[in-house]
1. Just to confirm, what accessible area per residue do you get for the chain at 1.4 Å probe, in whole Å²?
2. Using the Cα atoms of segment 214-255, I'd like the radius of gyration and the largest Cα-Cα distance, Dmax, both in angstrom.
3. Give, as a single signed number, the net charge of other residues whose beta carbon lies under 13 Å from the beta carbon of PRO261, with Lys and Arg counted +1 and Asp and Glu -1.
4. What Kirkwood Rh does segment 429-494 have if only Cα atoms enter the pairwise 1/r average? Answer in Å.
5. Determine ³J(HN,Hα), in whole Hz, for all residues of segment 460-472 in sequence, where each value follows from phi through the Karplus function 6.51 cos²θ - 1.76 cosθ + 1.60 and θ = phi - 60°; x replaces Gly and Pro.
6. Can you return the lysines within cross-link range of LYS195? Criterion is Cα-Cα under 19 Å, with same-chain partners fewer than 8 residues away left out.
7. Give the calculated FRET efficiency between SER257 and GLU221 to the nearest 0.05, with a Förster radius of 22 Å applied to their Cβ-Cβ distance.
8. Anything in the chain that counts as a DSSP H helix reaching 15 Å or more along its axis (C-alpha) with Kyte-Doolittle mean of at least -0.5? List them, would you?
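The values are calculated or read from the model by the stated rules, or taken from the named source; none is laboratory data. Bear in mind that the values here come from a model prediction, so they are computed numbers and not experimental data. Cβ coordinates were reconstructed from backbone atoms using ideal geometry, including for glycine residues, and neighbour counts include every protein chain displayed. Ligands, DNA and RNA are excluded from the accessible area calculation, which covers all protein heavy atoms including side chains. Shrake-Rupley method; radii C 1.70, N 1.55, O 1.52, S 1.80 Å.
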Amino acid sequence: MNPRPVRTPLILLVAVLIFLMAWYFAPIPGQVLLVPDNWQQISAWPQVRLENEILRPGERATTVIFDTVPWAYVKLLAGTAEGTLESHTTDRATAVTQWNWSFTVPDEPGYTLAFYHDCHTGCQHWTTVNVGKTPPAAPPSAAIPTKLGVVLADPDRNWHNRAGWDVEITYAQLAEEEFWGIDDLAQRVEAAAAKGLRVLVRVDFGQGQSIPPVDDYRALELYLRYLRRLARDDRLQRVYGYIIGSSFNTAANNSQSPGQPVTPGWYARVFNGYNAPPANTDNALQTIRAENQTARVLVGPVAPWNVDQDGALPFPQAAPWLNYFYALVTAVNQSAQDKSQYGIALNAPDGFAVQAPGYPDAPELADLARAGEPRLNLPHPEWPAAQAGFRVYQEWLEIINAQPHTRGTPVYVTATHTYHPGSNREPAENYAPGWLTSALDVVNEEPQIAALCWFLDVFPHDDQWDFFSLAEGHGLLGEAAKEFDMLLQDVPES
């Protein structure tokens, strides 16, 4: 009788294999591997590992990302705060690069770690992973639209479920600086968009130089490079539109090159390529649209009642600021026409940003009529055919609608307040309770006007605009702030 075969070696082999597999797949103490929800359908790279298991809000944490592509100019956002890149190394044997980051744990029970690369030319999304409880997907916005908005919105403002407007500002020459640079801008845009606000970003060349100086093509290239960076940055894809400069007809906004003030023709050259070969694409409109076809590109506002420059084409009212704007719009329209004939479509602006300050201190207004100033025609003392108050917006509309390629385009009042050079009094001194209500009523009667934005809400950078700030509420601005809040809550019946 044959003895039963001995199976002990086979059993031992199976046991060893099971132990090795269990050891190999067991989580490493103190480390958590994070993968996107669809990790099975995508490449194995990149991989993210969180080095700490138990984390409390406010504590410093570390994370590691691995990839086979040695990306440069990388960033990490933990929630909305930027992480710190501590080090990075590449394993020559495997060609895998490892980036080591530290960050502060956000207050939320669940948050995201969002990684980006190539941020020197506009951050490109790399990967995003969830930590802790998965943040719920943002529901479709149910906010009620309003034309009311502000410049530099207070992050703590209660918008009362209204989809208002926020105008942000950035400078090409300060791209890496705090507050004015692209990273702080991206955080403000994301916070505003998360509240349902529509964000317009005003892009100036530099402080004291809104648009590159005339015929300075090096400055033009630097400006367009920054516009390209903004347009392609994945963190800024929720921007509603870009405003190209502001108040460029004033000496104050040509102070870097006072001998080369921005003319109407040069502005149109910068905006959509006026007086350049039609095949050229070195202009703001085509630069932005090449990277982001959904963002609107707006002509920036001309400062009313400023006589630093005039325009070669006289407008019927013949005031310097109106002549300037008339010449500018004519040139922008001509460039759109030239490119259209060359076979290039969609080279007209998506809209116009304009300034429409009020003049409640006008000598002809009695105290009881000051709040209704937006509804009144106020002739300018030196150019009586031109408006001297809020209704300057009508002249901007008339000029815009006089050209075929700009007629009917949306208009955004991106700066309104009650400071006027005729009285030289700031809104904290002269705001008339009820003035903002009148201005909004007037704008709501104008279907071509999309927004009415008070200049400004909050400016933490310094105190130069304190007496314009709704959030600060100095003097009579306390009344304006209450009125603004009440207008947000005054939902018209459907």
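1. Solvent-accessible surface per residue comes out at 48 Å².
2. When restricted to Cα atoms, segment 214-255 yields Rg and Dmax of 12.8, 35 Å.
3. -4
4. The Cα-based Kirkwood calculation yields 13.0 Å.
5. x, 5, 7, 9, 5, 10, 4, 8, 10, 7, 5, 5, 6
6. Counting by Cα, and skipping residues close in sequence, LYS195 has these lysines nearby: LYS147.
7. Calculated value: 0.90.
8. Flagged H segments are 8-25, 182-194, 217-232, 320-342, 477-489.
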